[in-house]
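Student: I have a structure I would like to understand better, so I am pasting it below and will then ask my questions one at a time.
The values are calculated or read from the model by the stated rules, or taken from the named source; none is laboratory data. Nothing here was measured: the structure is a model prediction, and the numbers come from that model. Every residue, glycine among them, receives a Cβ derived from its backbone with ideal geometry; neighbour counts consider all protein chains shown. In case anyone asks, the SASA skips ligands and DNA or RNA and just uses the protein heavy atoms, side chains included. Shrake-Rupley method; radii C 1.70, N 1.55, O 1.52, S 1.80 Å.
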Amino acid sequence: MSKRVLVVLSEFGYWGEELVGPVEAFDARGYRTTFATPTGKRPQALPPSLDPHYVDPPLGRSVTTRDMARRAQALDESDRLNHPLSLADLIPERPYFSSINHLRDLEQYHRHLDSAVQDLVSSFDALVIVGGSGPIVDLANNERLHELLLGFVTADKPVLAECYGVAALAFARDWESRASLLAGRHVTGHPKEYDYKDGTGFVGVDFNMGPPPYPLEYILRDATGPEGKFHGNVGKETSVIVDYPFITARSTPDSVLSGELLVQVLENGLRRYGW
């Protein structure tokens, strides 16, 4: 039976290659891929990610080949992304403590949460969070996505996160302990040297954030704690870390490898890579 993978994308812009890399690896194996966004809105690629002439400021070169730009454009314009699942429709939202009937609301929340997450987790073999600047806006601190991540980890199913999508792993926490899912883990992600100093933008809004609102490296160093480690691999062309159940990819050039490694995790039981 073919594997099924749930791919979560931001509604504020994903990086083209960071979707193409994993999806093409899954297609090659005959996996069934389902897409989801926070509210069911169709995702869109960030325009610079479809432009082979766009120069990545920290790296001082283009990170998108003409061939990859073509493949990303084709996927972005295809009907595959037309009707994504809505996390808001599928997973309930934790009530505010200020709600009038908080205890009853919380009981109802937990009743619906357990079944909703179990239904999703049982339907898929792996979860992927695609990177780009968009996840900063609607995935990093998305509590519904956090609950889904907790469900996949509890079920011992692999999770791949790329670029700024890795932040969602750092912020996903058990409500009681508040410890990050990444505590004690080895991960990679955007190192400080690769962060923009200006030009962090999004799809659908006319807003230049300047630099990213947080240095992802610092978030990941704090989340992994003294028993884990952040691997920036600055100066190396690729950086993908497998510390099961997590596969983390630093940025755009790591997308193809990260997809291939998730396949290795699913097919061959790979548990460690890159550290």
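Student: Below 8 Å, C-alpha to C-alpha, sequence gap of six or more: please give me the relative contact order for the chain in percent.
Tutor: Relative contact order comes out at 21 percent.
Student: Further, regarding this structure: In nm, to one decimal, how far is the modelled label at SER123 from the one at LYS41, with both set 7 Å along Cα→Cβ?
Tutor: Label-label distance for SER123 and LYS41, simple model: 2.2 nm.
Student: Out of region 1-50, which trypsin sites (Lys or Arg not before Pro) are coil in DSSP terms and have no more than 16 other C-beta atoms within 10 Å?
Tutor: Loop-located and lightly packed - ARG29, LYS41.
Student: Check cross-link reach from LYS236 to the lysines: straight Cα distance under 28 Å, and skip same-chain residues fewer than eight apart.
Tutor: Of all the lysines, those that pass the test against LYS236 - Cα under 28 Å, at least 8 places apart if same chain - are LYS192, LYS197.
Student: How compact is region 10-144 by the rule of thumb for globular proteins, expressed as Cα Rg over 2.2 N^0.38 Å?
Tutor: In units of the globular-protein estimate, region 10-144 measures up at 1.27.
Student: Name the residue farthest towards the positive end of the dipole of the chain from the options VAL128, TYR54, ASN101, assuming +1 on Cβ of Lys and Arg, -1 on Cβ of Asp and Glu, about the Cα centre.
Tutor: VAL128
Student: Percent of accessible area on region 32-127 owned by carbon and sulfur, 1.4 Å probe?
Tutor: 51
Student: For the chain, which DSSP H helices look membrane-span-like by this rule: Cα extent along the axis of 15 Å or more and mean Kyte-Doolittle of at least -1.0?
Tutor: Those that clear 15 Å and a mean of -1.0 are 16-28, 102-123, 143-154, 255-268.
Student: Could you give the accessible area per residue of the chain, probe 1.4 Å, as a whole number in Å²?
Tutor: 46
Student: Tally the DSSP beta bridges in the chain and give the antiparallel ones as a percent, rounded to 5.
Tutor: 30
Student: Checking the a/c ratio against 1.5 first, then a/b against b/c, what shape does the Cα gyration tensor give for region 67-108?
Tutor: Note, shape of region 67-108 comes out prolate.
Student: Report the one residue of GLY228, TYR214, LEU262 whose Cα lies farthest in the direction of the positive end of the charge dipole of region 205-275 (charges on C-beta: Lys and Arg +1, Asp and Glu -1; origin at the Cα centre).
Tutor: Going by the charge dipole, the pick is GLY228.
Student: May I pose another question? Computed from these coordinates, which is Cα Rg over 2.2 N^0.38 Å: (1) 0.96; (2) 1.20; (3) 1.14?
Tutor: Structure-derived value, by its label: (1).
Student: What length, rounded to one decimal in nm, is gained on full extension from GLU176 through to ARG104, with 0.36 nm per residue of separation minus their alpha-carbon distance?
Tutor: That pair, GLU176 and ARG104, stretches by 24.0 nm at full extension.
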